[in-house]
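Read-outs: derived from the displayed coordinates by stated rules, not from any lab. Keep in mind that what you see is a predicted model, and the values were worked out from it rather than measured. Backbone-built Cβ (ideal geometry, glycine too); neighbour counts: all protein chains shown.
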Amino acid sequence: MDVEPTVYQIFTPATPANLAFIEREEINNNLVNALRTPGKQIVIYGHSGSGKSTLINKKLERLYENHIVSRCMQGMSFEQLVLDAFDQLSPFYTTEKNQKTTNSVSAQLEATYLGIKSQLSGTSLRESGDKSTRALPPQLTLQNLARFMGQSKSCWILEDFHKINESDRALLSQAMKVFVDMAAEYNTLKIIAIGAVDSARQVVKYDHEMRTRVAEIHVPLMNLHELQDIIIKGGELMNLRFDSSLSSTISHYAAGLPSICHTLCLNICVHLDFNIPSEKLVNIRKESLQPALKMYLDEASDTLKMAFENNLKQSKVKKYNNPELIVKALSELPQEGGTRADIYKRITKYEKDYPQGNLTKYLKQMCEKEITPLIRSSESSGKYAFIDPLYRAFAMALVSITHSHDPHELIDWNDAIASFIKSFSTEELTKSIHTYKILYATDK
């Protein structure tokens with residue numbers, strides 16, 4: 001007997017979508033073609049929350065027997081990733097070791113694998129500063145790792161590879177070369193590197209000779225129709241019909257991010273107490289969005305407050321509140337941001353004598369904030385933009401709330417953000433979304 005799905009399995013903001021997965025034909029075709037091409041290595045890149053992991057997971061279900069996922073974190077070395085992949089292969093080789101081997105290569109590989117595993121269990125830790133890590137045995141070469149993966153018919157997925165140090169990213173290029181060379185023996189052998197960045201070269205630094213051997217697949221932000229398809233598909237599974245005006249507003253407010261679309265739909269269902277599919281078809285009206293947004297903002301308020309406050313606060317009054325002018329200019333530019341010249345042109349609408357040196361200095365500072373970044377720069381396009389498309393909507397509302405203050409007074413950003421969050425239970429909600437909807441549609 002089939003078990004009915006819950007709303008948490010249908011609208012999945014924190015995990016890859018399964019039931020409410022939306023096909024994106026051109027991207028899907030490019031990915032499937034790369035997966036099926038022997039020796040072709042893959043780099044998938046795009047904005048965080050754009051659906052990269054969901055896309056690859058759905059395709060691997062159909063095309064691969066096994067896959068290994070190594071999740072990259074700040075400070076991890078490439079050696080640690082190799083060890084992680086090796087460890088994850090253990091079930092394949094330990095379950096096979098008692099079965100009759102019909103292939104001499106398999107038997108040899110099995111013996112090699114178990115020998116390295118035995119070495120690892122008995123090896124001492126290598127100390128580096130205050131940290132201790134397992135030393136990589138000499139036998140655990142990239143060639144051997146490729147053989148182990150090829151024999152198990154696995155591909156290797158590296159999630160968030162952009163977090164790895166740049167020097168270690170160059171090592172992945174070497175690994176890709178090895179996997180390409182050994183694809184003649186193991187035609188499913190493949191590395192898939194995933195990064196939340198603007199270009200494939202920010203994920204992997206590979207040589208020019210690898211250019212034709214690596215598929216660079218960009219996963220862009222979803223368009224309005226794709227976001228509305230998520231709402232329609234999820235609604236059908238829940239036996240709910242979202243009004244067209246509600247569906248349109250959610251998709252505009254999600255700013256191209258399926259993760260935000262899933263969040264708002266989930267919050268609407270939870271607020272209305274629809275945890276499982278409704279027995280009869282129910283219409284969901286636009287009024288249901290206000291409490292859903294309030295839930296979202298309550299969860300995100302600390303992060304938002306920290307990001308805006310740390311970037312915009314000033315220790316003393318200066319002639320120009322440089323970060324505020326930059327945020328205001330970016331909020332008026334298209335979703336994808338603008339060049340330094342675009343930002344300067346916007347700022348000089350309000351401050352005619354604004355010095356260009358200030359803009360250069362503060363743009364650099366705001367992009368380099370590691371703990372609470374607010375904006376980012378793109379090497380490929382030369383543009384600056386908010387690190388999260390939704391931040392632009394927050395910035396627009398904050399600018400509208402604070403526009404009447406004396407430009408030479410310091411703003412209490414705690415109060416400003418609190419006012420912004422509070423506004424989402426009033427008529428300000430409709431006004432801010434309507435303004436954003438018009439600008440977002442114009443940008444497209």
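Express in whole angstrom the spacing between the alpha-carbon centres of segment 1-69 and segment 299-346. So the separation of the two Cα centres works out to 35 Å. When each of Glu279, Glu299 is scored by the number of other beta-carbon atoms lying within 10 Å, the sequence from fewest to most is Glu279, Glu299. Shape class for segment 23-218, computed from the alpha carbon gyration tensor (a ≥ b ≥ c): oblate, with a/c not under 1.5 and a/b at or below b/c.
Close amide-amide hydrogen proximity is noted between Val69 and Ile157, each under 5 Å apart and 5 or more residues distant or on a separate chain (H modeled in the peptide plane; Pro and chain starts excluded).
Taking the fewest neighbouring Cβ atoms within 10 Å as the starting point, the ordered list for Glu216, Glu61 is Glu61, Glu216.
Neighbour counting of Cβ atoms within 10 Å sorts the residues Met210, Met366, fewest neighbours leading, into Met210, Met366.
Working note: Debye formula, equal point scatterers on the alpha-carbon atoms of segment 224-284, no solvent; log10 I(q)/I(0) at q = 0.19, 0.25, 0.30 Å⁻¹ is -0.60, -1.03, -1.39. Karplus-based coupling profile of segment 320-328, in residue order and whole Hz: 10, 8, 4, x, 5, 4, 5, 5, 4, with θ = phi - 60° in 6.51 cos²θ - 1.76 cosθ + 1.60 and x standing for Gly or Pro.
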